[in-house]
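What follows draws every value from the coordinates through simple rules; no lab data is involved. From a predicted model like this one, the values you see are computed outputs, not experimental measurements. Counting neighbours? That spans all protein chains shown, and the Cβs are built from the backbone with ideal geometry, glycine included.
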């Protein structure tokens, strides 16, 4: 019966991951590893034993753990295309491999800009992530990069974001970067001018209040 269950599980092996549809591949891969009873190696730390430990049962447990982790790791590797396999085949454990893939691909999908940071610095962070993904063989065309950056703009940029959505078919990536930089420079300049005006108004108010008290 155990052999039948394993065979059935292998028939449900997910598609080869080449960089696209990471979330769907990850869900299918997790289900596949769960069916094979090795999914817990994605979160477990390796068992550790010292060289002078003479407990044979502990050494047996270590060997069993290493063997199962080896299987889990290779199930994942064999579900990657040749390019990604060549990049990740040197990762030592299943947990490290799983976390490396998630950090790389989920980071890009889940990245959201925040109002508390400069937009251009966050755009640079996105470009670094994209550069790393392209280096690994993932295909991310320029129109997709343009749309992704626009969609990730923070909430305080929502009106400018809506404006860019109407222009995105015309925009090249370099043009988008230029527009974002001009917009941010303008916002920064306006904020400084507003702050300066408020400080001058406050100073004037304090002066008038002081003069009134002296009368």
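Once C-alpha pairs closer than 8 Å and six or more residues apart are averaged by separation and normalised to the residue number of the chain, the relative contact order reads 18 percent. Among 147, 123, 48, the largest mean-square fluctuation in a Gaussian network model of the chain (Cα springs under 10 Å) belongs to 48.
Cα extents for the chain along the principal axes, largest to smallest and rounded to whole angstrom: 97, 50, 28.
Suppose the chain between residue 195 and residue 34 were pulled fully straight at 0.36 nm per residue; how much longer would it get relative to their current alpha carbon spacing? Net length gain for the segment: 52.2 nm.
For the pair residue 135 and residue 81, what calculated FRET efficiency results from E = 1/(1 + (r/R0)^6), where r is the Cβ-Cβ distance and R0 = 22 Å, to the nearest 0.05?
Working: r = 15 Å, r/R0 = 0.67.
Efficiency for this residue pair is about 0.90.
Stretching residue 178 away from residue 65 to a fully extended chain increases their span by 35.4 nm, per 0.36 nm per residue minus the current alpha-carbon distance.
Set the Cα radius of gyration of region 114-214 against 2.2 N^0.38 Å, with N its number of residues, and you get 1.60. Using a Gaussian network model on the chain with a 10 Å cutoff between Cα atoms, which of 175, 204, 44 fluctuates the most? Result: 204 has the largest fluctuation of those listed.
To the nearest 500 deg cm²/dmol, what mean residue ellipticity at 222 nm is calculated for the chain from DSSP H runs of n ≥ 4 alone, each contributing -39,500 (n - 2.57), summed and divided by the residues? Walk me through the numbers on the way to the answer.
Working: 10 runs with 143 residues, N = 215.
My calculation for the chain gives -21500 deg cm²/dmol from helical runs alone.
Just checking the listed ones, 166, 32, 85: in the Gaussian network model of the chain with Cα springs under 10 Å, the one fluctuating most is 166.
How far is helix 119-135 tilted, in degrees, relative to the longest principal axis of the Cα atoms in the chain, given as a value from 0 to 90 rounded to the nearest 10? Taking the Cα atoms of the chain, the angle to 119-135 is about 30 degrees. For the peptides 124-131, 101-108, 195-202, the ranking by mean Cβ contacts within 10 Å, running from highest to lowest, is 101-108, 124-131, 195-202.
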